[in-house]
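Step one of this worksheet: look at the structure below.
The values are calculated or read from the model by the stated rules, or taken from the named source; none is laboratory data. Predicted model only: the values in this text are computed from it and were never measured. When we count neighbours, we look across all protein chains shown, and the Cβ atoms used for this are built from the backbone with ideal geometry, even at glycine. Note: areas computed on protein heavy atoms with side chains; ligands, DNA, RNA excluded. Shrake-Rupley method; radii C 1.70, N 1.55, O 1.52, S 1.80 Å.
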Amino acid sequence: MPSRKPKKPTPARKQPESTAELRQALCKRTKAELVDALLELAEADRRVLRQLAARFDVGAAADKLVTATRQAIADATAFDERDINRNFAYDSEAYDEVKRNLGRLIDSGQLRLAMQLALELMKQGSYQVEMSDEGLMTADIEECLSVVHKAVRKCDLPANEAIAWCSAMLGNDRVGFIGREPLQSLRNHFQGATAR
């Protein structure tokens, strides 16, 4: 089963009557009532929280961003063990949040935190791929990791630290093919830099 993608909203003029009636009811509410309702929905459902945070580009402090990213990794890589060796559904929106949050951490100067979270994603994500039939989530994982690969390549970290991270990433890959080529290329880049 492919990843769960959200349905695109129906254009306003093609909305079913039930949505039109909801729109009318919402238009009668105050802004404060609508904000309270959205917050209640977000607190009750992490997917709604993720959608709202992405839509309104909600920023967060580094510690909160790390916590949110760990939760998104857990949500993205979760699966029912009864579905092992099947193409089970997974939360692609959670992978989108992981990618977005890794980028935010990097942009705020927290590359080492992003690198640590990438290690966690590789470990949990490769386990999910290993347990699935065809590893449909592999591309989502690689997209998340590519943000960190690019930042590490451009960074001024000591070469030995970057090489150790690449090796740890490759070691955390339970299936042996997630982002392997970019990681090997990155490791070779830094090994070449230390040889000079």
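Can you give the FRET efficiency to the nearest 0.05 for residue 52 and residue 184, using r as the Cβ-Cβ distance and R₀ = 35 Å? Given R0 = 35 Å and the Cβ-Cβ separation, E is 0.35. What translational D, rounded to a whole number of µm²/s, comes out for region 75-180 from Stokes-Einstein when the hydrodynamic radius is the Kirkwood one over Cα pairs, at 25 °C and 0.890 mPa s? D = 175 µm²/s.
3J(HN,Hα) couplings calculated from phi for region 169-181 with the Karplus curve 6.51 cos²θ - 1.76 cosθ + 1.60 (θ = phi - 60°) are, in sequence order, 4, 5, x, 7, 7, 5, 9, x, 9, 6, x, 4, 4 Hz; Gly and Pro show x.
In region 121-196, which chymotrypsin sites (Phe, Trp or Tyr not before Pro) are in a loop and have at most 14 other Cβ atoms within 10 Å, using DSSP for the loop call?
Details: sites: 127, 165, 177, 190; in loops: 177.
For chymotrypsin sites (Phe, Trp or Tyr not before Pro) across region 121-196 that sit outside H, G, I, E and B with at most 14 neighbouring Cβ atoms in 10 Å, the list reads 177.
Please find the FRET efficiency linking residue 42 to residue 18, where r is the Cβ-Cβ separation and R0 is fixed at 22 Å, and quote it to the nearest 0.05.
Working: r = 22 Å, r/R0 = 1.00.
About 0.50, to the nearest 0.05.
In the context of the full protein assembly, residue 134 retains an accessible surface of approximately 120 Å², using a probe radius of 1.4 Å and ignoring ligands and nucleic acids. Which angle from 0 to 90°, rounded to the nearest 10, does the C-alpha axis of helix 111-131 make with the longest principal axis of the chain? The angle comes out at about 80 degrees. Between the beta carbons of residue 154 and residue 81, assuming R0 = 45 Å, the FRET efficiency works out to 0.70 to the nearest 0.05. Between region 135-196 and region 86-106, the alpha-carbon centres lie 18 Å apart. Highest mobility in the GNM of the chain, judged by mean-square fluctuation with C-alpha springs under 10 Å and restricted to 37, 20, 118, is found for 20. What does a probe at residue 67 reach in region 105-125, counting residues whose amide N is under 15 Å from the point 7 Å along Cα→Cβ? No residues fall inside that zone.
Rounded to the nearest 10 degrees, the inclination of helix 62-77 to the longest alpha-carbon principal axis of the chain is 90 degrees.
Taking 8 Å as the Cα distance limit and 6 or more residues as the minimum spacing, I'd like the relative contact order of region 28-125 as a percentage. Relative contact order for region 28-125 comes out at 27 percent.
Count the lysine pairs in the chain that are 8 or more places apart or on different chains: how many have C-alpha atoms under 20 angstrom apart?
Working: 5/99; 64/99; 99/123; 99/150; 99/154; 123/150.
Summing the qualifying lysine pairs gives 6.
Karplus-derived 3J(HN,Hα) values for region 20-26, using 6.51 cos²θ - 1.76 cosθ + 1.60 with θ = phi - 60°, are 4, 5, 5, 4, 4, 5, 5 Hz; glycine and proline are entered as x. Between amide H atoms placed 1.01 Å from N, distances below 5 Å from residue 132 occur with 85, all of them 5 or more places distant or on a separate chain.
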